[in-house]
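Participant: Before we start, here is the structure in question, set down as structure tokens.
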Amino acid sequence: MPAVASLWAPPAAARRRRFSPVVSSSLRRVASGGGSSWRSERRLMSELERTVTAGATERVIRSYVGTKSERAALAALSRLLMDSDPLAIPFYEAVTQARWFKWSSIHAAAVAALLEANGRAGESRSLIADSVSQHLQQSTDEVALFYCDLIAAFSSRGLKDRATEFHMELRSMPPLSERKAYAAMVKSLCLLGMPAEAEAALREMVSRGHRPEAAQFGAVARCYGRAGSPADMERVIASMADAGGIRLGAGAADAVLSCYSACRDHARTLAWLKRMRKLRVAVTAKGYNLVLNSCPSLASVVRELGPELPLSTAGLVGWLRSASTTPAPAAEVEVVRELLASSASVLDRAMEWSEAEAKLNLHGFSTVAAYVLVLQWVDAVRGRARALPLEVSVVCGVGKHSDVRGESRVRELAQEVLGRMGSPLKLSARNRGRLVAKRDRVEQWLASLPVPEDGTDPSPDAANEEPFVFALFRKLGQFFSNLM
């Protein structure tokens, strides 16, 4: 690959990994599911840190690529690119020379952006030109998809001028024919912060007979929200049904929650959560994270882990209302109450219950969300204390996907919160990312907990609601009694 033929070993300080939260979701998927064990990848990073010459770096990289599977090598490459590590460039060169190599638009775009960010604009342009001439000469739509990936990669590194150039190239191309090319264009325009243009592309997509998905509408709505246009955001969400009969789903609902949460508009967040509950749109783990992370009073008490940290859901709502220093705004309190009332689906998906084990999985939750979910889980376990399985556990992870790999803030928080409750769950000797305890110890602990106070139902409308199943049986009973 002539565009990046020079292979060098940057100083250790220059190779210090800098995780960027704004990275391609595709890169993140490859990095997390590439078939490479974390220990193997960590050994590679450790060996690269110790190298001091270009020759030693080359040997380590080529040995890894030559002995590992394709998926493992691509996972390591994606991790280096996500961490903005300059060694991703020679690593990519080694990958292109492997016998199993198959050109990838996502990786080529990411490497080109990294080259540009490291002051190697000439090599970046050569790589892009070679990619188009050698791999994409047959299909206009494939070239368009590559430009969309370039826009995403360059935008994520703050190279907006170059990303805009790719957009101009994209607009000068013949009309697209494939739905996925239009979807990629909508996404790239949203990344550039151009919601009106993205909406126009969405309309063009519909006019050419392609049916957009909720994800495209959600991306445009989120872009309007970030631009400070909530009215346009809600208009785009409402237009889903007109464009293709798309029902409001979790993706679009999360897009709205993301916008309201970003600007901490708790009044609109509360109204949207109530609308979701009315339409029976379940809260997702993503939405759960978004809403709770936007509550500053809650985030503050979780961050400090002071002695006033509430240890129950009822205590949490009460603390938010009457914190001795700065009581939370009324809208924030109501948002937390509404979320507690409508997030049973989140707890159900995070909790596994079998004859052998009752397990809470905290993977994918922020520290604030994990704290609230642990409180809800303790309430749920108390409600089923008479039927506990043999073992109870909380899976926190070891920090594999944390900003600082190997430091699990969620595990530290779960240990602290459950420890203050007097829980018998302790760190497993076989799995450092799991807290575990036997049934008899958990039963004793649950029996020692104080009885919840009356009237602590977190739902704002609890008195006016009836569980769906109970309401169904009541109506069936009335129906059959009328027949008799």
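Participant: For residues that are open to solvent by 30 Å² or more (accessible area, probe 1.4 Å) and in contact (Cβ under 8 Å) with a residue 24 or more places away in the chain, scanning just segment 368-384, find the one that is nearest to D254 (Cα to Cα).
Facilitator: D379
Participant: Quickly run through segment 351-365 and pick out the residues that are open to solvent by less than 20 Å² (accessible area, probe 1.4 Å) and in contact with a helix residue (DSSP H, G or I) (Cβ under 6 Å, 6 or more places away or on another chain).
Facilitator: Across segment 351-365, the qualifying residues are L360, L362.
Residue-wise test of (1) in a helix (DSSP H, G or I); (2) open to solvent by 30 Å² or more (accessible area, probe 1.4 Å); (3) modelled with pLDDT of 80 or more.
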residue: V404; (1), (2), (3): no, yes, no
residue: N431; (1), (2), (3): no, yes, no
residue: D440; (1), (2), (3): yes, yes, yes
residue: E443; (1), (2), (3): yes, yes, yes
residue: S459; (1), (2), (3): no, no, no
residue: A463; (1), (2), (3): yes, yes, no
residue: V469; (1), (2), (3): yes, yes, no
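Participant: Right, A215: in a helix (DSSP H, G or I), touching a residue at least 12 places away in the same chain (Cβ under 8 Å) and surrounded by 19 or more Cβ atoms within 10 Å (Cβ to Cβ) or not?
Facilitator: The answer is no for A215.
Participant: Still on this model: Name the residue, out of E308, E304, that is touching a helix residue (DSSP H, G or I) at 6+ places or on another chain (Cβ under 9 Å), charged (D, E, K, R), modelled with pLDDT under 90 and under 22 Å from V410 (Cα atoms).
Facilitator: The unique qualifying residue is E308.
Participant: I would also like to ask the following. Checking the structure you have, find out if any residue of segment 241-260 is among the aromatic types (F, W, Y), within 22 Å of S343 (Cα to Cα), crowded, with 19+ Cβ neighbours inside 10 Å and modelled with pLDDT of 80 or more.
Facilitator: Yes - at least one qualifying residue is present in segment 241-260.
Participant: Now, a different point. Restricting to segment 124-148, and then to whatever is open to solvent by 50 Å² or more (accessible area, probe 1.4 Å) and not polar (S, T, N, Q), can you tell me which residue is nearest to A183 (Cα to Cα)?
Facilitator: The selected residue is E142.
Participant: Scanning segment 63-82 for residues that are open to solvent by 60 Å² or more (accessible area, probe 1.4 Å) and not polar (S, T, N, Q), which turns out farthest from A112 (Cα to Cα)?
Facilitator: K68
Participant: Turning to a different aspect of this structure: Among the residues of segment 223-238, which ones are surrounded by 23 or more Cβ atoms within 10 Å (Cβ to Cβ) and of a type outside the set (A, V, I, L, M, F, W, C)?
Facilitator: Y224, G225
Participant: Can you give me the ranges of the helices (runs of 4 or more DSSP H) entirely in segment 231-325 with at least 1 residues that are within 24 Å of the chain's Cα centre (by Cα) and over 30 Å from V206 (Cβ atoms)?
Facilitator: Once the helices (runs of 4 or more DSSP H) in segment 231-325 are filtered for at least 1 residues that are within 24 Å of the chain's Cα centre (by Cα) and over 30 Å from V206 (Cβ atoms), what remains is 266-278, 285-293, 296-304.
So that you can scan it fast, the table gives a plain yes or no per residue for (1) modelled with pLDDT of 90 or more; (2) closer than 15 Å to L311 by Cα; (3) assigned to a loop (DSSP other than H, G, I, E, B); (4) under 19 Å from the mean Cα position of the chain (by Cα):
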| position | (1), (2), (3), (4) |
| --- | --- |
| L347 | yes, no, no, yes |
| E355 | no, no, yes, no |
| Q376 | yes, yes, no, no |
| R386 | no, no, no, no |
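The values are calculated or read from the model by the stated rules, or taken from the named source; none is laboratory data. Just so it is clear, the structure is predicted and the values come from calculations on it, not from any experiment. We place every Cβ from the backbone using ideal geometry, glycine too, and count neighbours over all the protein chains shown. Please note that ligands, DNA and RNA were not included when accessible areas were found on the heavy atoms of the full protein model with its side chains. Shrake-Rupley method; radii C 1.70, N 1.55, O 1.52, S 1.80 Å.
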